[in-house]
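The values are calculated or read from the model by the stated rules, or taken from the named source; none is laboratory data. None of these values were measured; they are calculated from a predicted model. Using ideal geometry, Cβ is built from the backbone for each residue, glycine included, and neighbour counts are taken over all protein chains shown.
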Amino acid sequence: MSTHESPDESAALERAAATAIHQALALESDESFTVVTDDERLEIGEALYAVASEVTEQATLVRYPPGEQHGTEPPAPVAAAMADADAFLAPTTTSLSHTRARSAATDSGARGATLPGITPSVFTTGLDADYDAIAEHSRAIYEQVGDAETVRVTTPAGTDISFEVGDREWHQDTGEVSEPGTFSNLPAGEVFTSPRSADGTYVVDGTMMPHGRLDEALRFEVEDGLVTEISDDEIREQVETAAAEVGDAAYNLAELGIGTNVGVTELVGHVLLDEKAAGTIHIAIGDNASIGGETEAPIHLDGIVTEPTVYADGEEVELPEA
């Protein structure tokens with residue numbers, strides 16, 4: 001137990017770690033397992049390692065300095081450790097979800113989940129969830145949107161944007177990664193796709209990094225699948241910095257996601273948890289190559305949109321309520 005943890009906090013971390021190891025991964029005694037963490041998330045990494053070590057003798061922990069931003073590739077030895085394991089969990093400061101390292105690991109048959117930006121409070125709160133209910137709500141959303149060619153989202157705050165899904169698949173993120181090559185995000189609970197194109201306006205009034213829970217809504221204009229206007233200076237600067245490296249790929253409208261976790265009853269200012277909140281949608285800018293798209297970029301910026309009305313081929317989608 002860390003000298004900074006109370007017995008109650010230590011027990012809560014252990015319970016959350018047990019949920020991840022036993023329920024999400026269903027780790028077996030004959031399997032190899034790797035925790036990928038960094039200097040700022042070591043507390044959670046060690047909790048996962050401790051629980052995994054009770055299951056298998058092939059548990060390892062790999063630690064490296066935090067990446068510069070979400071989507072930054074980890075060092076080569078970290079990528080190799082993920083790919084060589086049967087299962088992995090990655091509690092890191094910046095996200096590995098949309099990296100080539102994560103894609104290569106799951107393509108090679110490893111299964112696992114990333115926990116980007118995870119904090120002890122989000123870890124213990126987000127993993128204290130009914131994952132059967134999450135799966136049920138995710139299936140219900142998938143049944144409504146899975147075959148749609150066009151999805152439109154409107155909100156009272158001014159969002160009115162249409163997505164051309166085309167031949168891109170919808171994915172269900174239920175937190176279950178028990179089969180080889182499967183991948184999820186923890187905490188879980190969303191149905192998402194990487195649309196072929198999009199046009200319109202979306203207004204983020206929930207959560208978006210680097211700001212966290214927003215006091216003032218942010219406005220984004222989208223034309224032909226590219227974000228053309230960003231109202232916020234800091235986010236615009238992040239995208240421009242990425243664009244200096246990869247051009248228009250940084251402005252790609254990368255993702256549309258629908259939250260399905262009814263256990264998230266309020267937004268806490270943490271994207272990892274808030275994007276799963278039932279009754280919200282989220283839209284991302286940048287990379288989508290790791291979720292079924294074709295655009296590679298060193299950023300993936302999610303913005304949570306509240307009070308949405310979603311239409312799939314003109315039919316209103318029934319969203320779950322927290």
Residue satisfying condition, being within 24 Å of Ile299 (Cβ to Cβ) and either surrounded by 19 or more Cβ atoms within 10 Å (Cβ to Cβ) or among the polar types (S, T, N, Q) (or both), within set Thr60, Thr72: Thr72
Filtered residues of the range 54-112 (kept if under 22 Å from Arg15 (Cα atoms), in a loop (DSSP other than H, G, I, E, B) and over 19 Å from the mean Cα position of the chain (by Cα)): Thr56, Glu57, Gln58
Selection count where residues are buried (at least 16 other Cβ atoms within 10 Å of the Cβ) and in a strand (DSSP E or B), scope the range 214-244: 7
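Can you tell me which residues in the range 263-296 are among the β-branched types (Val, Ile, Thr) and at pLDDT 90 or above?
Val268, Val271, Thr280, Ile281, Ile283, Ile285, Thr295
What number of residues in the range 88-112 are of a type in the set (Gly, Ala, Ser), under 17 Å from Val271 (Cβ atoms) and at pLDDT 95 or above? Show your work before the answer.
First pass over the range 88-112, keeping only residues of a type in the set (Gly, Ala, Ser): 90, 95, 97, 101, 103-105, 108-110, 112.
When the remaining residues are screened for being under 17 Å from Val271 (Cβ atoms), the result is 90, 95, 97.
This time we only want the ones that are at pLDDT 95 or above, so: 90.
Qualifying residue count for the region: 1.
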Test: residue in the range 160-182 that is surrounded by 18 or more Cβ atoms within 10 Å (Cβ to Cβ), without any contact (Cβ under 8 Å) to a residue 24 or more places away in the chain and outside any loop (DSSP other than H, G, I, E, B): no
Residue match in the range 224-247 (condition: basic (Lys, Arg) and touching a Ser or Thr at 6+ places or on another chain (Cβ under 6 Å)): no
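Check Ala284, Ala249 and return the single one that is outside any strand (DSSP E or B) and either surrounded by 19 or more Cβ atoms within 10 Å (Cβ to Cβ) or not charged (D, E, K, R) (or both).
Details: Ala284 fails: outside any strand (DSSP E or B).
That would be Ala249, the only listed residue that is outside any strand (DSSP E or B) and either surrounded by 19 or more Cβ atoms within 10 Å (Cβ to Cβ) or not charged (D, E, K, R) (or both).
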Members of the range 297-316 that are under 24 Å from Glu266 (Cα atoms), surrounded by fewer than 16 Cβ atoms within 10 Å (Cβ to Cβ) and not acidic (Asp, Glu): Thr309
Residue match in the range 42-57 (condition: surrounded by fewer than 16 Cβ atoms within 10 Å (Cβ to Cβ) and of a type in the set (A, V, I, L, M, F, W, C)): no
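Output yes when any residue across the range 130-153 is in contact with a His (Cβ under 7 Å, 6 or more places away or on another chain) and either within 21 Å of Gln23 (Cα to Cα) or not assigned by TED's automatic domain parsing to the domain that holds Pro65 (or both), and no when none is.
Taking the range 130-153 and keeping what is in contact with a His (Cβ under 7 Å, 6 or more places away or on another chain), we get none.
No; the residues of the range 130-153 include none that is in contact with a His (Cβ under 7 Å, 6 or more places away or on another chain) and either within 21 Å of Gln23 (Cα to Cα) or not assigned by TED's automatic domain parsing to the domain that holds Pro65 (or both).
So which of Glu316, Glu321, Glu245 ends up being among the acidic types (Asp, Glu), farther than 27 Å from Val145 by Cα and free of Cβ contacts under 8 Å to residues at least 60 places away in the same chain?
Details: Glu316 fails: farther than 27 Å from Val145 by Cα; Glu321 fails: farther than 27 Å from Val145 by Cα.
Among Glu316, Glu321, Glu245, only Glu245 is among the acidic types (Asp, Glu), farther than 27 Å from Val145 by Cα and free of Cβ contacts under 8 Å to residues at least 60 places away in the same chain.
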